[in-house]
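Take a look at the structure set out below.
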Amino acid sequence: QVQLVESGGGLVQPGGSLKLSCAASGNIASFRAMGWYRQAPGKERELVAVINSLRITNYAASVKGRFTISRDTAKNTANLQMNSLKPEDTAVYYCNLASSIKNYWGQGTQVTVSS
């Protein structure tokens, strides 16, 4: 079983920055990618950023140039550096780990961008 623990959410003013971290533990077999998704009230969960085993990254158009995803293989962590935050970035952010067997999800961390 794989566990994902997120940290780093909170309240920030527009234009500010936050860094989210996701620590994976357990039996991680056939790793494919780690990523961050978000879900705002009344909206569907959407992909924010993903990084695969070759460290190839992909971003949602709405965050490209502002967010950066990175992965520390030795620590089994994935980080999301979020800069120039906007009120529309407000959502619950979920960490995801995709293997060839199963998708795993963290419990979510709230990010609120407001003045």
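Out of the stretch 1-25, which residues are on the phi > 0 side of the Ramachandran plot and surrounded by 14 or more Cβ atoms within 10 Å (Cβ to Cβ)?
Hit for the stretch 1-25 is 8, nothing else.
Run down 73, 57, 77 and say which single residue is under 18 Å from residue 22 (Cα atoms) and touching a Cys at 6+ places or on another chain (Cβ under 8 Å). Talk me through it step by step, then tell me what you get.
Details: 73 fails: touching a Cys at 6+ places or on another chain (Cβ under 8 Å); 57 fails: touching a Cys at 6+ places or on another chain (Cβ under 8 Å).
One residue alone meets the criteria, 77.
Quick grid of which residues meet (1) at pLDDT below 95; (2) open to solvent by less than 30 Å² (accessible area, probe 1.4 Å):
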site	(1), (2)
69	no, yes
76	yes, no
81	no, no
89	no, yes
95	no, yes
102	yes, no
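Is it fair to say residue 28 is closer than 15 Å to residue 95 by Cα and either surrounded by 18 or more Cβ atoms within 10 Å (Cβ to Cβ) or among the acidic types (Asp, Glu) (or both)?
no
Has the stretch 97-112 got at least one residue that is closer than 23 Å to residue 2 by Cβ and among the charged types (D, E, K, R)?
yes
Considering each residue of the stretch 40-57, count those that are out of contact with any Gly (no Cβ under 8 Å at 6 or more places or on another chain) and either among the aliphatic types (A, V, I, L, M) or not in a loop (DSSP other than H, G, I, E, B) (or both), and give that number.
Final tally of qualifying residues: 6.
The values are calculated or read from the model by the stated rules, or taken from the named source; none is laboratory data. Only a predicted model underlies this, so the values are computations on that prediction, with no experimental measurement involved. No Cβ is skipped: glycine too gets one built from the backbone with ideal geometry, and neighbour counts run over all protein chains shown. We work out accessible area using only protein heavy atoms, side chains counted, and drop any ligands, DNA or RNA first. Shrake-Rupley method; radii C 1.70, N 1.55, O 1.52, S 1.80 Å.
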